[in-house]
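Structure, as structure tokens:
The values are calculated or read from the model by the stated rules, or taken from the named source; none is laboratory data. Note that the coordinates shown come from a computational prediction; the quantities given were computed from them, not determined experimentally. Glycine gets a Cβ as well: all are built from the backbone with ideal geometry, and neighbour counts include every protein chain shown.
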Amino acid sequence: MGRAIVMLVSLACYAAFFVTFLYLIGFVGGFAFMPSHVDKGMQALQFNAVLVDIGLIALFGIQHSVMARKGFKQSWTRIVPVPLERSIYCLATVLVLVTMYRFWQPIEGSLWSMEGEGARTVMWALFWLGWGTVLLSTFLLNHFELFGLQQAWMHLREKEASPPQMRSPLFYNWVRHPIYAGFLLAFWATPDMTYGHLLFAAGFTIYILIGIAYEERDLTGIFGEEYLVYRSKVGMLLPGVGKNSSP
């Protein structure tokens, strides 16, 4: 595959991912103008809806975790060009999220619904703070590498990527996984916690905790003792909470 084509494919994958990410914000927020969201979608018997929604969350978790593993990447890059591996990963995430948007089924009932304007404003502020934390944290590391553009750009310029380096900028000095922390804040901060939203938030919280375990194992394999020292000093999702000195 030509270098220019690799770059164009990577740009297309990035654009698709960016649009899908914006839709995710509206999907979780449950905004009325959205074609579908956690409380608006296909109707089904409640038991069936729970099973379908759990299946959709599990589908995301399987795709996101399996494709991120080193062994899968080694096999996968025998089929797709190495500079496109991350972009195709993002495209697969897009397909899974679009499937979830299409087939998610609302669940009747509500755990809480805040009536006070002040309380609702605080919750919405936390909601947007979560998404802002996610986005900013990607740039603190390397936004364009995370989403595949840098790999394609380096390939286009016929340059080799630099070896990975252990860094902990800004948020990463306080928590090891600010991207995940931002997602959790965005998922749980809502003035109207319906049972459908609760299932979504709880399901993705479980996935995040499982994903962190695999991710930290991979990071330990890459950075060794340097990462173990970092993990022993910095909290996992909250400052000072979840420090771990074990390998």
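Of all the helices (runs of 4 or more DSSP H) wholly in the range 1-87, which have at least 2 residues that are touching a residue at least 24 places away in the same chain (Cβ under 8 Å) and under 30 Å from G221 (Cβ atoms)?
Details: elements: 3-29, 46-66, 70-76.
Where helices (runs of 4 or more DSSP H) fall fully within the range 1-87 and carry at least 2 residues being touching a residue at least 24 places away in the same chain (Cβ under 8 Å) and under 30 Å from G221 (Cβ atoms), they are 3-29, 46-66.
If you check F171, F187, which single one turns out to be in contact with a Ser or Thr (Cβ under 6 Å, 6 or more places away or on another chain) and of a type outside the set (G, A, S)? Talk me through it step by step, then tell me what you get.
Values: F187 fails: in contact with a Ser or Thr (Cβ under 6 Å, 6 or more places away or on another chain).
Testing whether each residue is in contact with a Ser or Thr (Cβ under 6 Å, 6 or more places away or on another chain) and of a type outside the set (G, A, S) leaves just F171.
Just name the residue that is nearest to F127 (Cα to Cα) out of those in the range 1-25 that are among the small types (G, A, S) and surrounded by fewer than 17 Cβ atoms within 10 Å (Cβ to Cβ).
First, pick out the residues of the range 1-25 that are among the small types (G, A, S): 2, 4, 10, 12, 15-16.
Right, trim to surrounded by fewer than 17 Cβ atoms within 10 Å (Cβ to Cβ) and you get 2, 4, 12, 15.
Working: G2: 42, A4: 39, A12: 29, A15: 24 Å.
Among them, the one singled out is A15.
Give the residue that is modelled with the highest pLDDT, with candidates limited to residues of the range 59-91 that are closer than 29 Å to M42 by Cβ and surrounded by fewer than 14 Cβ atoms within 10 Å (Cβ to Cβ). So that I can check it myself, show each step before the final result.
Step one: filter the range 59-91 for residues closer than 29 Å to M42 by Cβ, giving 59-67, 88-91.
Applying the additional criterion that residues be surrounded by fewer than 14 Cβ atoms within 10 Å (Cβ to Cβ) yields 62, 66.
Working: I62: 93, V66: 90.
Applying the filter and picking the extreme gives I62.
When you scan the range 206-237, how many residues do you find that are surrounded by 16 or more Cβ atoms within 10 Å (Cβ to Cβ) and either among the basic types (K, R) or closer than 24 Å to A186 by Cβ (or both)?
Total meeting the criteria: 12.
Filtering the range 120-178 down to residues that are of a type in the set (A, V, I, L, M, F, W, C) and assigned to a loop (DSSP other than H, G, I, E, B), which residue is farthest from E215 (Cα to Cα)?
Here is the first cut: in the range 120-178, the ones of a type in the set (A, V, I, L, M, F, W, C) are 122-129, 131, 134-136, 139-141, 144, 146-147, 149, 152-154, 156, 161, 166, 170-171, 174-175.
Among the residues that remain, those that are also assigned to a loop (DSSP other than H, G, I, E, B) are: 147, 161, 166, 174.
Working: F147: 17, A161: 21, M166: 14, W174: 18 Å.
Checked the range 120-178; the qualifying residue farthest from E215 (Cα to Cα) is A161.
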